[in-house]
Amino acid sequence: MKSDSIDSDSKEHRQSNSQKLYWQANLRLLFKLLAVWFFVSFGCGIVFADWLDQFSIAGFKLGFWFSQQGAIYVFVILIFVYSKQMKVLDRQFGLENQDDAGQTHENPKS
Amino acid sequence: MSTQLLTYLFVGASFALYIGIAIWSRAGSTKDFYIAGGGVHPVINGMATAADWMSAASFISMAGIISFIGRDGSVYLLGWTGGYVLLALLLAPYLRKFGRFTVPDFIGERYYSQAARIVAVVCLIFVSFTYVAGQMRGVGIVFSRFLEVEVSTGVIIGMAVVFMYAVLGGMKGITYTQVAQYCVLIFAYMVPAIFISIMITGNPIPQLGFGSEVIDGSGLSVLEKLDGVLLELGFSSYTAGTKSTIDVFAITAALMFGTAGLPHVLVRFFTVPKVSDARLSAGYALVFIAILYTTAPAVASFARINLVDTVHNTAYADAPEWFGNWEATELVAWQDKNNDGLMQYGPGSALSPAKPQFDGETGVYGERLLKNQPTESINEIYIDPDIIVLANPEIAGLPGWVIALVAAGGVAAALSTAAGLLLVISSAISHDLLKQTLLPKITEKQELLFARVAAAVAVCIAGLFGIYPPAFVAQVVAFAFGLAAASLFPALLLGIFSKRANKEGAISGMLVGLVFTFTYIAYFKFLAPHLNNSEYWLWGISPEGIGSIGMILNFAFAITISRLTSQPPESVQKLVDNIRVPSGPGAPSQH
């Protein structure tokens, strides 16, 4: 795209600006999800666990449940939410799904 | 058919399957060998990652450890799953975009320094070898109990199988065998868990079962009953922890960040076709892992109840058959301290020294006699936590084929992880040490040959570890995580998220993290083990958790020194910009 004559500078500028926005949006999403990650594991599973134990869920003390079950379920959900949201973000910024362009070898799909 | 015959059949059939896959998926290029050609479907990769990740420690040891320490065992559950969130959000997609072969590759390029690459190789080899030694012990235990062969014969058979598919197939062979191994191990783990859950609670879902009521008419839930029984015997309550909050916090953090920094797991995400696949694949990996990890605490509590029910105050003469079976492997022992012929179970170590030393004689009830001195404790029983999962089907009285299945599962878990570790060791040597550093002129064919030779040598070394296990193996496996957290994780994270991070910062950070963590562990575990208690620990943090402090030191040094020295060159800043977006080519290919 650089070879594109006069407005190459502004184009590159636009592109890097959009990359910046993309990166910031990515970071915002990361912070949100990591806050949840921290809250369920280190929060509910460890620091507030003793306090949570006064409540109970399905026969478990709540703090105990978070540390041996609940946090793990939330972890799984977090990764899928991230994957999905990033797909949306990639599409928004036109950065999606380019198949392995860096590699020169054949690229069998399975 | 006898249980032993069934076990030979199951283990033999699984080996035949792995070798068949190895022959079918031979590697033709270095790309095949290092990253399976880069075309692995995200679900397949997720499954392979799960098998790669779940080692003999997860399959054999973890439920047993939780069974004996209850609430405190949560550190393993949280630590070894929470790390995947970090992996998926902070590392995997960017490393995939970078798109080269190994983890030191990334560190070497990003920090434009062969020295950084070599430091990363050293960290990787250190972490991976401590880890692989533990796997071989797992193979040895399974073979000696279930197939009644010498441990060394078992290890040699296991090594021969890994040799076949790791050396021939490289990452490509490993990927598809790991998929098969995942299926074997998860089936083997779930079948007894479901049976036992039904037996104890009537609920077929173990994850719900251990909160459900026990069907003995007491109206108590499994955990309530367990708390009650254990308190009565003088143990602390199962659902209350005994470790300090700061230590639990530190251990969990070290395991989480260590998981995200483990090279053999990271490299799996180099094998998927796209960046978005790397994100998704980490999610699938965690689903496959979570199936076992949410079942393990249930198995742990069922096993503990079963154990107390079947063993405590039972006459040795009436002891269940499994007790004698496992006595033969020296993983359980009984010393009749009060000469009543009954086996008393209670808190504290039954023997001094804690591990049983049999003198080869048998006592009046037919028990194997010990050379150990009795301790003050009323406890007369020694149980190695490792047998909980392996003996669980016997303890619960399940049929022979379930026992055979568990044996095949244990071997699958150990072999899949061993293969993954051996591969990152061999590629670090052939690719990073030879091709990129010492012998840059070698052709791809030669590099592939070196990779195979390195894998073969690594297999043999791992085999030796299995046959002559160094006494410290069991202790160091957990430390592989602390070391990975303190050395590799910060360098990877800063490499992606900070453009300012430069080689001076990264190298000093990695070295400080590694040396600090290693010294602290070596001091308390080997130099002054008698001081290894919370009174002498730094801020009450045990050697298991010290990796998190090492990691903070690493970050502090890396960030400060990067600020004080010159910026990384323009080309590296461009590289960082490049890996932050999912589209477009990755790092320039140079092979």
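Summary table
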| item | result |
| --- | --- |
| 17 Å Cα-Cα reach of B:LYS371 towards aspartates and glutamates, excluding residues that sit fewer than 8 places from it in its own chain | B:GLU327, B:GLU330, B:ASP336, B:ASP359, B:GLU361, B:GLU380 |
| Heavy-atom accessible area order for B:GLU232, B:GLU148, B:GLU380, largest first, 1.4 Å probe | B:GLU232, B:GLU148, B:GLU380 |
| Cα centre as origin, Lys/Arg/Asp/Glu Cβ charges: the protein assembly as shown dipole, Debye | 3020 debye |
| Accessible area in the full protein assembly, largest first, 1.4 Å probe, for B:ILE461, B:ILE125 | B:ILE461, B:ILE125 |
| Per-residue ³J(HN,Hα) for segment B:347-362, Karplus 6.51 cos²θ - 1.76 cosθ + 1.60, θ = phi - 60°, Hz, x for Gly and Pro | x, x, 6, 6, 10, 9, x, 4, 7, x, 10, 7, 9, x, 9, 10 |
| Contact order normalised by residue count of chain B, Cα under 8 Å, 6+ apart, percent | 27 percent |
| Estimated vicinal HN-Hα couplings, Hz - segment B:169-186 in sequence order (Karplus 6.51, -1.76, 1.60; Gly, Pro = x) | x, x, 4, 5, x, 4, 4, 6, 5, 5, 4, 4, 5, 4, 4, 4, 6, 6 |
| Exposure rank, largest accessible area first [A:ILE79, B:ILE157; 1.4 Å] | B:ILE157, A:ILE79 |
| Point-charge dipole on Cβ atoms (K/R +1, D/E -1) for segment B:162-257, about Cα centre, debye to 20 | 500 debye |
| All lysines inside 19 Å of B:LYS435 as judged from Cα atoms, apart from same-chain residues fewer than 8 positions distant | B:LYS31, B:LYS445 |
| Charged-residue dipole, Cβ positions (Lys, Arg, Asp, Glu), chain B about Cα centre, Debye nearest 20 | 3080 debye |
| Amide H contacts of A:ILE57 (H built 1.01 Å from N, under 5 Å, at least 5 apart or other chain) | A:LEU62 |
| Options B:GLY140, B:GLY169, B:SER498, ranked by Cα towards positive dipole end of chain B, top entry (Cβ charges) | B:SER498 |
| Estimated FRET transfer efficiency when R0 is 22 angstrom, pair B:ILE205-A:SER56 (beta carbons, to 0.05) | 0.75 |
| Farthest positive-ward along chain B dipole, Cα basis, beta-carbon charges - from B:PRO393, B:PHE98, B:THR239 | B:PHE98 |
| Charge dipole of chain B about the Cα centre (unit charges at C-beta), most positive-ward option of B:SER562, B:PHE195, B:LEU9 | B:SER562 |
| For B:LYS172, solvent-accessible area (1.4 Å; no DNA, RNA or ligand), Å² | 60 Å² |
| Candidate lysines - alpha carbon under 18 Å from A:LYS32, same-chain residues fewer than 8 apart omitted | A:LYS84, A:LYS87 |
| Other-chain or far-sequence residues with amide H under 5 Å of B:SER221's (modelled H) | B:VAL214 |
| Accessible area of B:SER237 in the full protein assembly, 1.4 Å probe (Å², nearest 10) | 30 Å² |
| Helix-only [θ]222 nm of chain B, DSSP H runs n ≥ 4, -39500 (n - 2.57) each, per residue, nearest 500 | -20500 deg cm²/dmol |
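The values are calculated or read from the model by the stated rules, or taken from the named source; none is laboratory data. Here the structure is a predicted model, which means the values were calculated and not measured. A quick note on method: Cβ atoms are made from the backbone with ideal geometry, for glycine too, and the neighbour counts reach across all protein chains shown. For the accessible areas, the whole protein counts, side chains as well, though only heavy atoms, and no ligand, DNA or RNA atoms are used. Shrake-Rupley method; radii C 1.70, N 1.55, O 1.52, S 1.80 Å.
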